[in-house]
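Please read the structure below before turning to the comments.
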Amino acid sequence: MPDLYDPLELTSRDELHALQLDRLRWTIAQAARSPHYAKVFSSLDISADSVNALDDLRRFPFTEKQDLRDSYPFGLLAVPKDEVVRMHHSSGTTGMAIAVFHTARDIAHWADLVARCLYMVGVRQGDVFQNMMTYGLFTGGLGLHYGAEKLGCFILPTGAGNSHRQIQFMQIFSTTFVHIIPSYALALLGAFEEMGVDPKSLSLRLAVGGAEPYSEGMRARLQESWGIPFYNCYGLSEMQGPGVAFECPAQQGLHIWEDSYLVEIINPDTGEPVSDGEEGELVLTSLTREAMPLIRYRTRDLTSFVPGPCPCGRTHRRLSRIQGRSDDMFILRGVNIFPLQIERVLMSMPEVGHNYLIVLDREGYADRLTVRVELTPEAFQGDLAHLKSLQDRIADALREEILVRPRVELVEPGSLPRQEGKAVRVVDEREG
Amino acid sequence: MIEQLAIFSENKPGRLEKITEALAKANVNIRAIHVASLGDMGVIKLVVDRPDDAYRALGAPAAIRKIPCVAVRVPDRPGALHEVTRVLREAGINIENASGFAVSRAEAILLLEVADVPAAEQVLAQAEFKTLDEGEFEAAVL
């Protein structure tokens, strides 16, 4: 039996369902206090009394990201303003902005969930935590901060960027774990090399990677180069932020905390649930949030349930690695393409460096896809013929995966811009 | 046998300049240069007086490789190159890349990339051609 932060992690499915039903009824009553849901519920003549079983949730409509935008700033607030202690906010421009509010109990519960996540992968009091995630309106920094503090960690709230100083801090304060955006973890490898520091020589034990989807191949490269496990963290600010789902040491999917979230995975076109193991859009209902409960929120993140029980024994179901946000998808000559599909192919080829860029533009009237990849120094044989054949092999492998043969540009090692925040992997230069 | 440096470089303005700048700063002298390109990609080949210093100056994370090649001294007259290619053809040796330059009114040096450098040097020596090592190459081009 695993060493647990919270006995709820092992609770039986029946007990979990009973708890969910209680909390769902409470959440719907709470949501009804917000102007947005008050209107929706009364127009459909539904309320907490309509819920006698978990399946009754399906009588409620989805909440879309657009609803959050339309009700900006306070239309979804379900408590008096003087009970709000914090806001997080999207970086979206006017008309696209989303504000998410928290009461003191929301913040405490969030910290508790993050503490549960970190405890699960072995973080304990005395660990030294370098939080290289942006602090501020973005949830990534403060979210992990509060959870780690709850466990009694010593926190270095460094935020992202300033790579050489980050590495010096790791050395001086013997950092044992980091929270970092995967593309920044790759970029930092360059800084380690410049400083002549081997990350494996430091006190690091583990890393938490979050805030952007990344492929299993990228994870393998990170674990190999840093010499520590990278655990995937999933969250979204609408549902609190990081800590909604998290990997256990088995690294076979992310346990989503079902005492705090009701999970559906739907076919994004029909809205109907998909069968177990099938990919679909993740739809979440918060079960404990006071300030801004959300009912059947369409996350636009694509995932599937990992079938079967987890070797760790936890009863909370697992989500497969997030396959990408449906917003990230682009359409090229009628074909749907996810950047992660391209990343998966590139990271499986040892000749290809860690950094890449996808460029969409037009050639005459036709869309054109160009994938720029860095050659690794080791892969260079000294002649053009070999480069040309590598270029062809990459293009062929990509065509296998995405059904379109892209133009592949091999570029010099280290020449693509280093990513310190959420990576910009796709540049769309097509008009309109 | 001498060593050439092959450097991967995008075929774009300023890329060669970046390389020459690094070598100038490291006080490395370039003896021979050869640039080949294909679409967006280019390979720059250099023979320099201090290959190890050049290698360091161009440094991580550049894609750079040392390539052994044959340096052979030939008389600067019609038919001289033909004699070299005939000797190699008779021995079944393929020339992957070649460049050459005159070092005086009477003499030129050929740089040949072949799969098996010692074998090529041996057949050239048997045909009484003078192949050069690093020191001899340096002396010849001065």
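The values are calculated or read from the model by the stated rules, or taken from the named source; none is laboratory data. Everything numeric in this text was worked out from a predicted model, so none of it was measured. So basically every Cβ, Gly included, is an ideal-geometry build from the backbone, and we count neighbours across all protein chains shown.
A few notes on this one:
- If you filter segment A:377-403 down to residues that are closer than 17 Å to A:ASP367 by Cα and either in contact with a helix residue (DSSP H, G or I) (Cβ under 8 Å, 6 or more places away or on another chain) or at the interface with another protein chain (Cβ under 8 Å from one of its Cβ atoms) (or both), you find that the one that is surrounded by the fewest Cβ atoms within 10 Å (Cβ to Cβ) is A:ILE402.
- Qualifying residues in segment A:154-169 (those that are within 23 Å of the chain's Cα centre (by Cα) and farther than 12 Å from A:ALA191 by Cβ) - the one modelled with the lowest pLDDT: A:ALA160
- Of the listed requirements (1) touching a strand residue (DSSP E or B) at 6+ places or on another chain (Cβ under 9 Å); (2) under 23 Å from A:TRP257 (Cβ atoms), A:LEU10 misses just one: (1).
- Residue list for segment B:13-33, restricted to those being modelled with pLDDT of 90 or more and either assigned by TED's automatic domain parsing to the domain that holds B:LEU111 or outside any helix (DSSP H, G or I) (or both): B:PRO13, B:GLY14, B:ALA26, B:ASN27, B:VAL28, B:ASN29, B:ILE30, B:ILE33
- In the condition set (1) closer than 22 Å to A:VAL283 by Cα; (2) within 19 Å of the chain's Cα centre (by Cα), A:PRO309 is compliant with all but (2).
- The set of residues in segment B:33-79 being farther than 30 Å from A:THR370 by Cα and either of a type in the set (Val, Ile, Thr) or free of Cβ contacts under 8 Å to residues at least 12 places away in the same chain (or both) consists of B:ILE33, B:VAL47, B:VAL48, B:ASP52, B:ILE67, B:VAL70, B:VAL72, B:VAL74, B:ARG77, B:PRO78, B:GLY79.
- Within the option set A:ALA395, A:ALA385, being at pLDDT 95 or above and part of a helix (DSSP H, G or I) holds for one residue only, A:ALA395.
- Matching residues, segment A:404-424, being among the basic types (Lys, Arg), farther than 30 Å from A:MET132 by Cα and away from every other protein chain (no Cβ under 11 Å): A:ARG405
- Residues of segment B:96-129 that are among the small types (Gly, Ala, Ser), within 16 Å of B:ARG77 (Cβ to Cβ) and either modelled with pLDDT of 95 or more or in contact with a strand residue (DSSP E or B) (Cβ under 6 Å, 6 or more places away or on another chain) (or both): B:GLY100, B:ALA102, B:ALA108.
- Filtered by the rule that a residue be under 16 Å from B:PRO61 (Cα atoms) and either over 28 Å from the mean Cα position of the chain (by Cα) or more than 11 Å from chain B (Cβ to nearest Cβ) (or both), segment A:355-374 gives A:TYR356, A:VAL373.
- Index of the failed condition, A:ASP327 passing every other in (1) assigned to a strand (DSSP E or B); (2) surrounded by fewer than 17 Cβ atoms within 10 Å (Cβ to Cβ): (1)
- Evaluating B:LYS18 against the criteria (1) among the charged types (D, E, K, R); (2) buried (at least 19 other Cβ atoms within 10 Å of the Cβ); (3) within 11 Å of chain A (Cβ to nearest Cβ) leaves one unmet condition, (2).
- For B:GLY39: the one exception among (1) more than 28 Å from B:GLU121 (Cα to Cα); (2) more than 11 Å from chain A (Cβ to nearest Cβ); (3) not hydrophobic (A, V, I, L, M, F, W, C): (2)
- Among residues that are more than 10 Å from chain A (Cβ to nearest Cβ), hydrophobic (A, V, I, L, M, F, W, C) and within 30 Å of B:PHE129 (Cβ to Cβ), B:LEU46 is included.
- Segment B:51-90 - residue that is under 18 Å from the mean Cα position of the chain (by Cα), in a helix (DSSP H, G or I) and away from chain A (no Cβ under 14 Å) and, of those, surrounded by the most Cβ atoms within 10 Å (Cβ to Cβ): B:ALA54
- Just one of the listed residues (B:GLU113, B:GLU136, B:GLU96, B:GLU128) is part of a loop (DSSP other than H, G, I, E, B) and out of contact with any Ser or Thr (no Cβ under 7 Å at 6 or more places or on another chain), namely B:GLU128.
- Listed by position, the strands (runs of 3 or more DSSP E) contained in segment A:223-263 that have at least 3 residues being small (Gly, Ala, Ser) are A:241-247.
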